[in-house]
Amino acid sequence: IAVRRLVVRDGAISVLRADGGGLVELGGFHEVLTATLSPTGDLALAGETRIDSLRVLLPHGSLGQGLAVRWLKDLSYEAATRSLALKTSTLQLDDLAVAVTGRVEGLGSDAPQADLTLTGGPVAVTSLLGFLPSWLAPQLDGVASSGVVSLAGFVKGPLGPPPPPGTPLPFSYDLRFDLTGGRLSAPALSAPLDGIEVHLHARDDRVEI
């Protein structure tokens with residue numbers, strides 16, 4: 001079986017926390033996908049996912065305002081082992097390209113085992129608005145920004161259902177985001193802000209900024 005072209009346009013996706021509150025909002029979701037299914041059940045997927053707007057909701061504001069996202073992917077599913085391999089996978093966050101590699105074993109089970117690595121940058125970007133907390137850059141009109149950003153981390157362990165509130169997640173993760181040499185100018189500022197640094201470290205159910 002071969003799917004020559006599957007297209008999704010202008011979708012919207014919301015990801016909720018275990019308590020029902022908002023965590024991630026995706027707008028303008030577009031998908032172009034090709035797929036082949038072999039007689040043994042092996043599946044190959046390739047294509048591009050594009051998200052026009054991404055917003056990650058945090059206790060003191062949000063991240064991702066104005067950030068455009070593209071995911072170029074070439075994935076394979078092995079039916080015998082029920083595993084998903086990311087042969088080539090690039091997550092494009094504006095000017096930052098993040099390579100996502102690894103495998104997810106035991107798909108279809110109660111707790112698939114993930115072993116994923118993310119690596120991107122450091123690279124100079126022409127707009128920081130998607131990477132800065134909204135309280136630092138609350139408006140988009142007339143704002144100009146630049147800087148050097150990088151992203152690195154991993155996700156390992158069982159991806160089971162959300163645990164009860166107050167209990168640790170079943171998988172381990174460590175994600176680091178770094179911004180250096182940032183510059184931000186806006187009509188409301190008497191002078192540009194230079195030398196901005198933002199370091200975000202998410203691990204052990206904590207986000208440190």
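Quick look at the values:
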item: Accessible surface of the chain [probe 1.4 Å, protein heavy atoms]: carbon and sulfur percent; result: 60
item: Peptides 79-86, 92-99 ordered by average Cβ neighbours within 10 Å, highest first; result: 92-99, 79-86
item: Cα gyration tensor shape for the stretch 69-181, rounded if a/c is under 1.5, else prolate or oblate; result: prolate
item: J(HN,Hα) series, the stretch 67-81, from Karplus relation 6.51 cos²θ - 1.76 cosθ + 1.60, nearest Hz, glycine and proline x; result: 7, 9, 10, 10, 10, 9, 9, 9, 10, 9, 10, 9, 5, 4, 9
item: Average accessible area per residue (Å²) across the chain - probe 1.4 Å, nucleic acids and ligands excluded; result: 57
item: Gyration tensor over alpha-carbon atoms, the chain, equivalent ellipsoid semi-axes in Å; result: 33, 21, 16
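The values are calculated or read from the model by the stated rules, or taken from the named source; none is laboratory data. All figures in this text were calculated on a predicted structure; none of them were measured in a lab. Backbone-built Cβ (ideal geometry, glycine too); neighbour counts: all protein chains shown. Note: areas computed on protein heavy atoms with side chains; ligands, DNA, RNA excluded. Shrake-Rupley method; radii C 1.70, N 1.55, O 1.52, S 1.80 Å.
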